[in-house]
Amino acid sequence: MFKLIELPYEIRALEPAISAETLSFHHGKHLQAYVDNLNKLLPDSEYENMALEEIVQKAPAGAVFNNAGQILNHELYFMQFKPASERAQGPEGALAAQIEKQWGSVEAFKAEFEAKGVGLFGSGWVWLSADADGNLVITQEANAANPVQRGLKPLLTFDVWEHAYYLDYQNRRAAHLSVLWQIIDWKVIDARYSG
Ligand SMILES: [Fe+2]
């Protein structure tokens, strides 16, 4: 059985980038529903004793995949943030060097990442991932998909489902995505890249 992850920050900690109201619905209602749904589907299935990532890699399109994918996506999403009151950070070490090698600058990387989030049609996620050689790639994933299905290691993500921003930004997806950098905990992203 899977459990709802606990947020490593207070419910108001991400304001004004993400309001307490949005965070409360997103974590307490949307993610909770995915957890409850998956837990109802698992008993007596072939997925009962699998780790979450393995379910996402093995389950065919359908309810098990959709709920497992959304749990994995949201866990990686919520755990990558830090309180807005803390100083904004940037990538460091090997990750910073690789971003500069591939994009020329962190700002150029951010611009492409945001544009791919804005340009994703419908619901989904934009991801920064690493391949087995440490090369970085930005992918757009529809609905519940995750880069682990492509054999990539997911590092950083923006949720572009409307439930992630509609209460605060309505249809202004670009405005929402542009402020998320203020709350990214790059120590978490660096650790995922190096781990
Ligand atoms: Fe979401």
In debye, nearest 20: dipole of the chain around its Cα centre with unit charges on the Cβ of K, R (+) and D, E (-)? 240
Counting only protein heavy atoms and a 1.4 Å probe, tell me what percentage of the chain's accessible area is made up of carbon and sulfur. 51
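Do you know the relative contact order of region 1-148, to the nearest whole percent, from alpha carbon pairs under 8 angstrom that are 6+ apart? Working shown, then result.
Details: 142 pairs, mean separation 32.3, N = 148.
With pairs under 8 Å counted, the relative contact order is 22 percent.
Sorted by mean Cβ packing within 10 Å, highest first, what order do the peptides 91-101, 117-127 take? Before the final figure, lay out each step's value.
Values: 91-101: 15.3, 117-127: 17.9.
So the order, starting with the most tightly packed, is 117-127, 91-101.
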Residue 81's amide H: which non-local residues (gap 5+, or another chain) put their own amide H closer than 5 Å, with H modeled 1.01 Å from N in plane and none for Pro or chain starts? 185
Dipole-positive endmost among 139, 66, 35 within the chain (Cβ charges, Cα centre): 139
Under the Karplus relation 6.51 cos²θ - 1.76 cosθ + 1.60, θ = phi - 60°, what is the ordered set of whole-Hz ³J(HN,Hα) values for region 153-169, x standing for Gly and Pro? 9, x, 10, 8, 8, 10, 7, 10, 5, 4, 4, 6, 9, 5, 5, 8, 10
Please list 3J(HN,Hα) in residue order for region 20-34, calculated via the Karplus relation 6.51 cos²θ - 1.76 cosθ + 1.60 where θ = phi - 60°; whole Hz, with x for glycine and proline. 4, 5, 4, 4, 4, 5, 5, 7, x, 10, 5, 5, 4, 5, 4
Heavy-atom accessible area per residue, the chain, 1.4 Å probe: how many Å²? 48
In the chain, lysine pairs 8 or more places apart or on different chains with C-alpha atoms under 26 Å apart total 23
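The values are calculated or read from the model by the stated rules, or taken from the named source; none is laboratory data. Just so it is clear, the model here is predicted, and its values are computed rather than measured. Neighbour counts run over all protein chains shown; Cβ positions are idealised from the backbone, glycine included. Accessible surface is based on the protein model in full, side chains and every heavy atom, while ligands, DNA and RNA are left aside. Shrake-Rupley method; radii C 1.70, N 1.55, O 1.52, S 1.80 Å.
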